[in-house]
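Notes follow the structure.
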Amino acid sequence: MAVSNEELNRQFEYATRVRQLLLDRTGGKSPKAFTHTYGCQGNVADGEKIDGILSEMGYEFTDDPAEADFILFNTCAVREHAEDRIFGNVGRLKKYKETNPNLIICLCGCMVQQPHIVQRIKDHFRYVDLAFGTHVIYKLPELLYRTLTEEGRVFDISEDNNDIAEDGVIRHNSNIKAFLPVTYGCNNFCTYCVVPYVRGRERSRSYDEVLNEARSLVNQGYKEIMLLGQNVNSYGNDFHEKNLFPKLLRDINDIPGDFLIRFMTSHPKDCSHELLDAMAECEKVERHLHLPVQSGNDRVLKAMNRHYDREHYLELIRYARSIMPDLSITSDIIVGFPGETHEEFLDTISLVKEVGYSALYTFIYSPRVGTKAASLPDPMTRTEKQQWFEELQFAQEQCAAARTEQFRGQVFRVLAEKRNKHGKLEGRTSGNTMIEFDAPDSCLGTFCDVRVTEPLSFVLKGELN
Ligand code: 5AD
Ligand code: SF4
């Protein structure tokens, strides 16, 4: 369900009040916000919404936290490492509060949706003024108004609110590529994963809403649309429509204009042949499929509650490649799931070699509070897991290097996305491999033909053709 217009109007009124209040306090100068998002693209899309709301309230943005009136971290809870890093960075914010007592420090996102983390913030990070979870982003104006006008700190960690707030202003991080969320939340409950707990049940945005937003992005000149969901293939399941995502891909593909479409993530259990057929037939959909396998061993896959086996996964890959021979496939893999044996891990290595991934995102298993896997016996040491992790990375690096070597001398049509820190323009091949090349700024946001001169395993170096 969508958040009611009445509620959105109420928030709009709060935004107006906050804007006035801030102007009064700063003597007419625009207040400055420093925001930073951690984690996945879904979180980045939330961050763009948050920035949109802040700009509606009159904030300008700064890259320097020392000159900010408002600092916000949009957090990630997927692994312990992410949480530790974020808490470390929150610790470093204290000094800004000492020099600017009016500074407001805010934490939001997935970490804040966990009760034990909220308790830790309350007890140990007393200079955090405002904290809110993933379900109430649209309420930021009201929450900030309360922070500015009430005594004490404001926490809003409402439990699962299944409403979707449409119509908000979005401040995209790029004017070339845009994220377009199609679903929020996840229903899969993979036993290691905290996402269903912190993001709630899966909800799909309305078909028309998504299609209209895609049209609007193309009209605004965006050259790439990235459709986002934890599991894009179940888009529409909550309004009892099967295979709606392939239809959506086709309809977005039919929007006139020169632009690209990417999407993620596809869960192998519901990656249908219809989806792969739609990919193959839509000329604007790039030839890249992110299909996280997590493990190559059937017992481990079952213990992870993934609902597919190795053979089903490999069948999908075979079908996909039969209709798209140049398809690039990437994956996520977890090493050291509780109880995983070395033989089981070797099944993952052999699957990686069999598939020939263009890139892998590999993670050492990290126990998450409240998940089923966190209560399983986990006898392996961290050192052993680290060794397996390195073995996997080595295997992947060899596959990737062999793959990119084939690209030497080939010409790719690449959307120039940005200038990187080496002073080169950067973009991606259709298969999502990064490529950098020398070119003037006038090429930014345009499609360039780039010849590969030096293929490395993870990035290609090239020159304008
Ligand atoms: N430990 C390690 N990796 C995890 N992922 C999700 N939860 C965990 C966890 N508890 C990985 C999965 C997922 C990716 C986004 O993060 O591989 O696909
Ligand atoms: Fe987590 Fe599994 Fe949902 Fe992905 S599909 S967000 S890994 S529960």
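Observations on the model:
- Lacking any other cysteine beta-carbon closer than 4.7 Å, the following Cys residues of the chain have no compatible partner: Cys40, Cys76, Cys106, Cys108, Cys110, Cys186, Cys271, Cys282, Cys399, Cys443, Cys448.
- C-alpha center-to-center spacing [region 62-141, region 424-465] in angstrom: 37
- Here the simple spin-label model places points 7 Å from the Cα toward Cβ, and for Glu311 and Gln119 these points are separated by 4.7 nm.
- Cα gyration tensor, region 35-145 - rounded (a/c under 1.5), prolate or oblate: rounded
- FRET efficiency estimate (nearest 0.05) - Cβ-Cβ, Arg318 to Asp378, R0 30 angstrom: 0.30
- Restricting region 277-313 to GluC sites (Glu not before Pro) that sit in a DSSP loop and have at most 11 other Cβ atoms within 10 Å of their own Cβ leaves Glu283.
- Alpha-carbon spread of the chain, three principal axes, descending order, Å: 63, 56, 47
- Per-selection Kirkwood Rh - region 322-371 (Cα, Å, 1 d.p.): 12.7
- In a DSSP loop and with at most 13 other Cβ atoms within 10 Å, the trypsin sites (Lys or Arg not before Pro) in region 363-465 are Arg408, Lys421.
- Region 237-349, Cα convex hull volume normalised per residue, Å³: 108
- Dividing the radius of gyration of the alpha carbons in region 365-439 by their Kirkwood radius gives 1.20 for Rg/Rh.
- Evaluated over the Cα positions of region 64-118, the convex hull gives a direction-averaged projected area, one quarter of its surface, of 3.8 nm².
- Stretched out straight at 0.36 nm per residue, the stretch from Glu80 to Glu166 would grow longer than its current Cα-Cα span by 27.8 nm.
- Overall dimensions of region 130-235 by Cα: Rg and Dmax, Å: 16.1, 47
- Cβ-Cβ FRET estimate between Lys29 and Arg419, R0 fixed at 25 Å, reported to 0.05: 0.20
- Extension gain (nm, one decimal) between Arg146 and Phe12, 0.36 nm per residue minus Cα-Cα: 46.8 nm
- Under the combined filter of DSSP loop state and at most 10 neighbouring Cβ atoms within 10 Å, region 380-465 retains none of its GluC sites (Glu not before Pro).
- Projecting label points 7 angstrom from Cα along Cα→Cβ for Asp208 and Thr99 puts them 5.2 nm apart.
- In a fully extended conformation the segment linking Gln386 and Ala402 would gain 3.3 nm over its present Cα-Cα distance, using 0.36 nm per residue.
- For the listed peptides 97-104, 138-145, 49-56, 235-242, a ranking on the average number of other beta carbons within 10 Å per residue, highest first, reads 138-145, 49-56, 235-242, 97-104.
Every number in this text was worked out from the coordinates using simple rules, so none of it is lab data. These figures come from a predicted structure and were not determined experimentally. No Cβ is skipped: glycine too gets one built from the backbone with ideal geometry, and neighbour counts run over all protein chains shown.
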